[in-house]
Amino acid sequence: MTEAWTWSYEDADGGAVTGEPTTDAAFPTQSDAENWFGEVWRELADAGVAAVTLHRDGDKVYGPMRLDASV
């Protein structure tokens, strides 16, 4: 059975954010998903993403995790 690890993205008001640099891609492992996030979180924040949530097969693993450093 293959797992699908995905992210969801929220703006400061809790609304969904889509489009570049977000991705709908599913990652095969939690590590792959977190590594991708580690590489692009600044770009996400610059694009208006205020928080992210990690999901495994559609179930919430953790989040929302804020992207600003002041929290």
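The values are calculated or read from the model by the stated rules, or taken from the named source; none is laboratory data. As the structure is a prediction and not an experimental result, all values here were calculated from the model. As a convention, Cβ positions derive from the backbone with ideal geometry for all residues, glycine included, and neighbour counts pool all protein chains shown. SASA here: full protein model, heavy atoms, side chains in, ligands and nucleic acids out. Shrake-Rupley method; radii C 1.70, N 1.55, O 1.52, S 1.80 Å.
Charged neighbours of Thr18, selected by a Cβ distance under 12 Å, balance to -4 (K, R count +1; D, E count -1).
Per residue, how much accessible area does the chain show when a 1.4 Å probe rolls over the protein heavy atoms, in square angstrom?
Value returned for the chain: 64 Å² of accessible area per residue.
When the solvent-accessible area of the chain is split by element, carbon and sulfur atoms take up 48 percent of it, the probe being 1.4 Å.
Dividing the summed -39500 (n - 2.57) terms of all DSSP H runs of n ≥ 4 by the residue count of the chain sets its mean residue ellipticity at 222 nm at -8000 deg cm²/dmol. What distance in nm separates the two pseudo spin-label positions at Lys60 and Thr18, each 7 Å out from Cα along the beta-carbon direction? Placing both labels 7 Å along Cα→Cβ, they lie 2.1 nm apart. Its Cα gyration tensor gives the chain an equivalent ellipsoid. The semi-axes, each the square root of 5 times an eigenvalue, are 20, 12, 11 Å from largest down.
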